[in-house]
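No lab work stands behind these numbers, since they all come straight from the coordinates. These numbers come from a predicted model, not from an experiment. All Cβ positions, glycine included, derive from the backbone under ideal geometry; neighbour counts span all protein chains shown.
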Amino acid sequence: MTEVVIRGPLARRLVRGAREKGMDVNSYLARLLANDMSPAERVELYVELHESYMAEAEELAREGKLEQAGEKMWGAVCALLNAIGEQKGWRHYSHRDYCDIIEELADELGKPELSAWFASAERLHANYYHGFLREATFKHHVEAVKKLVSELRKLLTER
């Protein structure tokens, strides 16, 4: 794994920019880098980010760090929605855009359960900030998110 260390004014601006957008620094950097990539390269980047976030989420969950694990799962879902948005030419820059993508996909595919599974991802995201989920409930939401991820991955491989 390649690692880059950024310090000083650039680091502060990256962190501030990510916070203002409600994103983690990796997602924010991906968005900035995406401007210089072809659409296919952007999709590939978002899928790679998704895979990285999922692996991190599973490791954090094994360590019992449920709030952090849930936030990584949220990031993994958003990365897939970014990839799908990129492929379809849909906006994919905000939480609202992610909601719109899910609703559009639910209608397009005739799968209203996508909305419910996405709501579980949102609960995991909220739990990062408020720490309100019990372990059993956390696991329930994780299972729903895994179903969502599976469906979203299928969409990407079908195109």
Tally of residues being surrounded by 14 or more Cβ atoms within 10 Å (Cβ to Cβ) and among the aromatic types (F, W, Y) across segment 92-112: 1
Name the residues in segment 87-108 that are within 20 Å of K154 (Cβ to Cβ) and in contact (Cβ under 8 Å) with a residue 40 or more places away in the chain, would you? Q87, L105
Close pairs (7 angstrom Cβ cut-off, 6 or more residues apart or separate chains): within 13 Å of E122 (Cα to Cα) in segment 140-159, β-branched (V, I, T) and in a helix (DSSP H, G or I) anywhere: V145/V77; L148/V77
Please go through segment 130-153 and pick out each residue that is assigned to a helix (DSSP H, G or I) and more than 16 Å from the chain's Cα centre (by Cα). H130, E135, A136, T137, F138, K139, H140
Hey, V43 surrounded by 14 or more Cβ atoms within 10 Å (Cβ to Cβ), closer than 30 Å to F132 by Cα and among the hydrophobic types (A, V, I, L, M, F, W, C) or not: no
The one condition C78 fails out of (1) in a helix (DSSP H, G or I); (2) exposed (fewer than 14 other Cβ atoms within 10 Å of the Cβ) is (2)
Of the numbered conditions (1) surrounded by fewer than 17 Cβ atoms within 10 Å (Cβ to Cβ); (2) in contact (Cβ under 8 Å) with a residue 24 or more places away in the chain; (3) among the small types (G, A, S), S27 fails exactly one; give the number of that condition. (1)
